[in-house]
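Chemist: Sending over a structure as structure tokens; questions will come in a sec.
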């Protein structure tokens, strides 16, 4: 296709994905409040709209109209730039995530992915490592004890668990032989003997999945690793001095990171968009997207479930766990996978 | 004036601009952020050369880990704005044009005698599998020796950073 058509298609795809992602972020907040509420034997939001479904709208309007206070003692350029960086890096990874096979519209074959890069997985790791800046610079530029401590702790935690994250992904890469996300998903099609689908979680990366899960919880600063933003420990950690839309940016960034992590886990360990196909042709075209969505939803539910269940780690326990347990287990998983593949 | 040249000049401008900004800024955190911008623009230049793996690793290692360390140090040391020293006017008047002329002359001489021509993107090996072939097959011994070198550096850093009563702090843990 010509350059103009390509650019037009890419812009439309980016807009659609961005709108869906931002809506998903808003409704992940709703889901979390409902699920954690029910786990704590209470209702969660019920007033605003049926089942509280309009609660994210109400929250958005509230945050837009809140007073955006910039305290006088902050380092202004970075104070304003840090949430922008956090949101930008959180929303960038979705560009290489494939949602399904190609669809054909107006005679053009459009893959359901904004861009299929050969090194898609490396790009996601790169953007994850850049995401540390949003947190570290927020903590530092706020010029406040709690923020600085929270920012330093959060960045140290994120940097430490990036290693475990990367190593758990390398196991999958060795097994699939490619860094491109589409190739990794295609390698998980079909079934193993019996009826078990050939997803990586059943096909040798069981431990890798749990290492990825744990490292991802730490990367996205979620319970049980959310000491940097714990209310009772550090006021609010690195986003203490932020109000209104900048505060909302950090939450958007956190939930967008969660969704990206869930998408990557689905693609790498749960078989992506593979699932039983049935029904008429139109349904069969839409089903891969639904399977993908269902698996991402399941992973997000697991995130929220763990949040409602586990207490948080103390900071030294957190760092010891990352370096002294997760890293050796990840390396052992890598070695075992490499030996199994080379056999 | 094709798109490739425009992108090259754009990334190059960000690199040079970031480097000049690094020297011109008074607060070290701004200098660190300019250096991150330089690293990112370099990653863009690597992409323009078709070296996608090197570009990704540049972002992950340099911009995402080494610069994070720099930023940590600046944050922990609480380094404030630097004072403005009086520059030497003669040095600026002679030095800046002199440096520019020297760089241009060197670049011209090197390019004139290097004998390279342009190749299309993708003609040279740059994919992860090619680099893996080089690293783990052709140059395996230098690779392993480099890893031992890095191990020595880590041990040196741990020794330098440990407290004098090393046995007492080990006993506490």
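Chemist: Going residue by residue through the range B:15-26, is there one that turns out to be surrounded by 12 or more Cβ atoms within 10 Å (Cβ to Cβ), under 22 Å from residue A:119 (Cα atoms) and modelled with pLDDT of 90 or more?
Modeler: Taking every residue of the range B:15-26 in turn, none turns out to be surrounded by 12 or more Cβ atoms within 10 Å (Cβ to Cβ), under 22 Å from residue A:119 (Cα atoms) and modelled with pLDDT of 90 or more.
Chemist: Determine whether the range A:177-191 contains at least one residue that is within 13 Å of chain B (Cβ to nearest Cβ), assigned to a helix (DSSP H, G or I) and either modelled with pLDDT under 90 or surrounded by fewer than 20 Cβ atoms within 10 Å (Cβ to Cβ) (or both).
Modeler: Yes: one or more hits.
Chemist: Report, by residue number, each residue of the range A:131-152 that is under 14 Å from residue B:29 (Cα atoms) and not in a helix (DSSP H, G or I).
Modeler: Within the range A:131-152, A:142, A:143 qualify.
Chemist: Another question, if that's okay. What tally of residues in the range A:82-117 results from selecting those that are in contact (Cβ under 8 Å) with a residue 60 or more places away in the chain and over 30 Å from residue B:33 (Cα atoms)?
Modeler: 10
Chemist: Only one of B:87, B:126, B:95, B:122 is assigned to a loop (DSSP other than H, G, I, E, B) and closer than 25 Å to residue B:28 by Cβ; which?
Modeler: B:87
Chemist: Name the residues in the range A:192-210 that are surrounded by 17 or more Cβ atoms within 10 Å (Cβ to Cβ) and more than 19 Å from residue A:336 (Cα to Cα), would you?
Modeler: A:197
Residue by residue, here is whether (1) within 12 Å of chain A (Cβ to nearest Cβ); (2) over 23 Å from residue B:9 (Cβ atoms); (3) at pLDDT below 90; (4) crowded, with 16+ Cβ neighbours inside 10 Å holds:
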{"residue": "B:72", "(1), (2), (3), (4)": "yes, yes, yes, yes"}
{"residue": "B:83", "(1), (2), (3), (4)": "no, yes, yes, no"}
{"residue": "B:120", "(1), (2), (3), (4)": "no, no, yes, no"}
{"residue": "B:123", "(1), (2), (3), (4)": "no, no, yes, no"}
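Chemist: Quick one: residue A:159 ticks every box in (1) under 23 Å from residue A:275 (Cα atoms); (2) crowded, with 19+ Cβ neighbours inside 10 Å except a single one, so which number is it?
Modeler: Failed condition: (1).
Chemist: Please go through the range A:131-148 and pick out each residue that is within 11 Å of chain B (Cβ to nearest Cβ) and out of contact with any helix residue (DSSP H, G or I) (no Cβ under 6 Å at 6 or more places or on another chain).
Modeler: A:143
Chemist: Follow-up. Checking the structure you have, find out if any residue of the range B:48-67 is within 30 Å of residue A:116 (Cβ to Cβ) and more than 12 Å from chain A (Cβ to nearest Cβ).
Modeler: Checked against the condition, which is being within 30 Å of residue A:116 (Cβ to Cβ) and more than 12 Å from chain A (Cβ to nearest Cβ), the range B:48-67 yields at least one hit.
Chemist: If you scan the range A:160-176, which residues turn out to be closer than 17 Å to residue A:90 by Cβ and within 12 Å of chain B (Cβ to nearest Cβ)?
Modeler: A:162, A:165
Chemist: Yes or no: residue A:63 at pLDDT below 90 and surrounded by fewer than 14 Cβ atoms within 10 Å (Cβ to Cβ)?
Modeler: no
Chemist: Can you pull out the residues in the range A:96-129 that are within 14 Å of another protein chain (Cβ to nearest Cβ) and within 24 Å of residue A:252 (Cα to Cα)?
Modeler: Residues satisfying the conditions are A:96, A:115, A:120, A:121, A:122, A:123, A:124, A:125, A:126, A:127, A:128, A:129.
Chemist: Go through the range B:20-46 and give me each residue that's facing chain A (nearest Cβ under 10 Å) and over 24 Å from residue A:156 (Cβ atoms).
Modeler: Answer for the range B:20-46, where residues must be facing chain A (nearest Cβ under 10 Å) and over 24 Å from residue A:156 (Cβ atoms): just B:43.
Chemist: While we're on this one: Looking at residue B:4, is it at the interface with chain A (Cβ under 10 Å from one of its Cβ atoms), farther than 23 Å from residue A:129 by Cβ and at pLDDT below 95?
Modeler: no
Chemist: Looking for whichever is out of contact with any helix residue (DSSP H, G or I) (no Cβ under 8 Å at 6 or more places or on another chain), modelled with pLDDT of 80 or more and in a helix (DSSP H, G or I) here; the options are A:210, A:251. Which one fits?
Modeler: Criteria check complete, one pass: A:210.
The values are calculated or read from the model by the stated rules, or taken from the named source; none is laboratory data. Predicted model, so just to flag it, every value in this text is computed and none were measured. Methodologically, a virtual Cβ is constructed for each residue, glycine included, from the backbone with ideal geometry; neighbour enumeration extends over all protein chains shown.
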